[in-house]
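Colleague: Quick one: the structure is below, questions incoming.
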Amino acid sequence: MLFVFDMLPLLSGFIYFVGIWALAVFIYDNFISVISIIKSLLQPYFQPQLPTTLVDKYGKWAVITGATDGIGKEYAKELAKQGLNVVLISRTKAKLVEVCNEIESEYKVKTKWIAADFSKGREVYGHIENELAGIPVGILVNNVGKMYDFPDALENVPEDVLWDIININIGSVTMMTHMIIHNMKKQGKGIIVNISSGSELQPLPYMAVYGATKRFVRTFSLAIEQELAEHNIEVQCVTPLFVVTKMNQYSETVMQGSLMVPSAAAYARSTVFTLGKSKETTGYWSHGLQYFIMKLSPERVRTRIGGQMCKKLRQEYLDTQLKEKAM
């Protein structure tokens, strides 16, 4: 009995240490992005010799995939606004020409478009590589992505849709990065931006494959960030939550937008601000707040909450379809 009492102070000290350590790790994980941004904003005052513009830091050309709608289009416009020439890669030629003309007219920069359907897999990358030959790409934005048509159980999702999600969400980010790395190393600078999703925070029932592919994007990004750091090539992983884009048009609630669901333009403006300042970010202040609150819960709880949310969104979509058929 005396032995037990003698061990109590040691046990209490151990529990206290574990608690402090866990709190420190949690704070680091959740606030390192904010600290990095603050550091980058203050850096010019202490190191004025460092490049201050994106063009000075990375070069004159950026490549954006999935660039004719939503976040990709607005991201391209934000980069053009800062003086970068942009290469837009997307599936539809007519949309590409339209967006390129819009950007050239408004921002007086050079543009180039490449029509490519990433759902086709390996066959599209040779064409893209040929088209990019001779262009000193300093910024690569792997934005293109595909979601379910609406949240649903895995067995109900068509096989073609599943293959498209895998080829687009995993294949494109992997192969575009693989393609660009060599020339970035030769240039001695560059940044690769991979657009993940808040759905990677936990397993996501009724969006199981989509969530898993976005988890891949995050782990892939963090891994190659370590590989490329010594070559002065940065990697940023962006994890947006809900944004008003066509990807979410299955939900009228999401498409209405709100303080927590920004427009694609507002989101891109905020995200580009973090470029070169943070290695991992949600990209938008209210998304960061939501992400922080969600991480307070255990993964199993987050998974249950995410599943219930997706079931409600699924039901909303089905109810909307019934109403439209009845009209």
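Colleague: Looking only at residues in segment 129-162 that are of a type in the set (Asp, Glu) and open to solvent by 20 Å² or more (accessible area, probe 1.4 Å), which one is nearest to Ala80 (Cα to Cα)?
Modeller: Let us first name the residues in segment 129-162 that are of a type in the set (Asp, Glu), namely 129, 131, 149, 152, 155, 159-160.
The next check asks that each one be open to solvent by 20 Å² or more (accessible area, probe 1.4 Å); those that pass are 129, 131, 149, 155, 159-160.
Details: Glu129: 22, Glu131: 20, Asp149: 31, Glu155: 43, Glu159: 38, Asp160: 35 Å.
Only one residue fits best here, namely Glu131.
Colleague: Now for a separate question. Only residues that are open to solvent by 30 Å² or more (accessible area, probe 1.4 Å) and among the β-branched types (Val, Ile, Thr): list them for segment 237-265, please.
Modeller: Val244, Thr253
Colleague: Moving to a separate point now. Can you confirm whether Ala80 is within 25 Å of Gly134 (Cα to Cα), within 20 Å of the chain's Cα centre (by Cα) and at pLDDT 95 or above? Break it down stepwise before answering.
Modeller: Numbers: within 25 Å of Gly134 (Cα to Cα): yes; within 20 Å of the chain's Cα centre (by Cα): yes; at pLDDT 95 or above: yes.
Here the answer is yes, as Ala80 does meet what is asked.
Colleague: Further, regarding this structure: Taking Glu280, is it among the acidic types (Asp, Glu), at pLDDT 95 or above and within 21 Å of Ile191 (Cβ to Cβ)? It would help to see each step written out before you state the result.
Modeller: Values: among the acidic types (Asp, Glu): yes; at pLDDT 95 or above: no; within 21 Å of Ile191 (Cβ to Cβ): yes.
So Glu280 does not fit the description; no.
Colleague: Among Ile166, Ile195, which is the only one that is closer than 27 Å to Lys277 by Cα, open to solvent by 10 Å² or more (accessible area, probe 1.4 Å) and not hydroxyl-bearing (Ser, Thr, Tyr)?
Modeller: Values: Ile166 fails: closer than 27 Å to Lys277 by Cα.
One residue alone meets the criteria, Ile195.
Colleague: Another question about this same structure. If Glu123 meets every condition in (1) in contact (Cβ under 8 Å) with a residue 60 or more places away in the chain; (2) surrounded by fewer than 18 Cβ atoms within 10 Å (Cβ to Cβ) apart from one, which number is that one?
Modeller: Condition (1) is where Glu123 drops out.
Colleague: Report, by residue number, each residue of segment 173-188 that is more than 18 Å from the chain's Cα centre (by Cα), open to solvent by 20 Å² or more (accessible area, probe 1.4 Å), within 15 Å of Val63 (Cβ to Cβ) and in contact (Cβ under 8 Å) with a residue 24 or more places away in the chain.
Modeller: Correct list: Met179, Ile181, Asn183, Gln187.
Colleague: Here is a further query. Mind checking which residues of segment 286-327 are exposed (fewer than 12 other Cβ atoms within 10 Å of the Cβ) and closer than 21 Å to Pro262 by Cα?
Modeller: Ile293 - this is the single residue of segment 286-327 that is exposed (fewer than 12 other Cβ atoms within 10 Å of the Cβ) and closer than 21 Å to Pro262 by Cα.
Colleague: Now for a different question. Does Glu155 count as assigned to a helix (DSSP H, G or I), free of Cβ contacts under 8 Å to residues at least 40 places away in the same chain and charged (D, E, K, R)? Even if it seems obvious, please write down each step before you answer.
Modeller: On the way: assigned to a helix (DSSP H, G or I): yes; free of Cβ contacts under 8 Å to residues at least 40 places away in the same chain: yes; charged (D, E, K, R): yes.
Yes, satisfied.
Colleague: Here's a check for you: in segment 219-236, which residue that is assigned to a helix (DSSP H, G or I) and β-branched (Val, Ile, Thr) is least open to solvent (accessible area, probe 1.4 Å)?
Modeller: Narrowing segment 219-236 to residues assigned to a helix (DSSP H, G or I): 219-231.
Okay, now just the ones that are also β-branched (Val, Ile, Thr), so 219, 224.
Details: Thr219: 68, Ile224: 13 Å².
By that ranking, first place goes to Ile224.
The values are calculated or read from the model by the stated rules, or taken from the named source; none is laboratory data. Just so it is clear, the structure is predicted and the values come from calculations on it, not from any experiment. In this analysis, Cβ positions are derived from the backbone assuming ideal geometry, glycine residues included, and neighbour counts consider all displayed protein chains. Areas reflect the complete protein model, heavy atoms only, side chains present, ligands, DNA and RNA absent. Shrake-Rupley method; radii C 1.70, N 1.55, O 1.52, S 1.80 Å.
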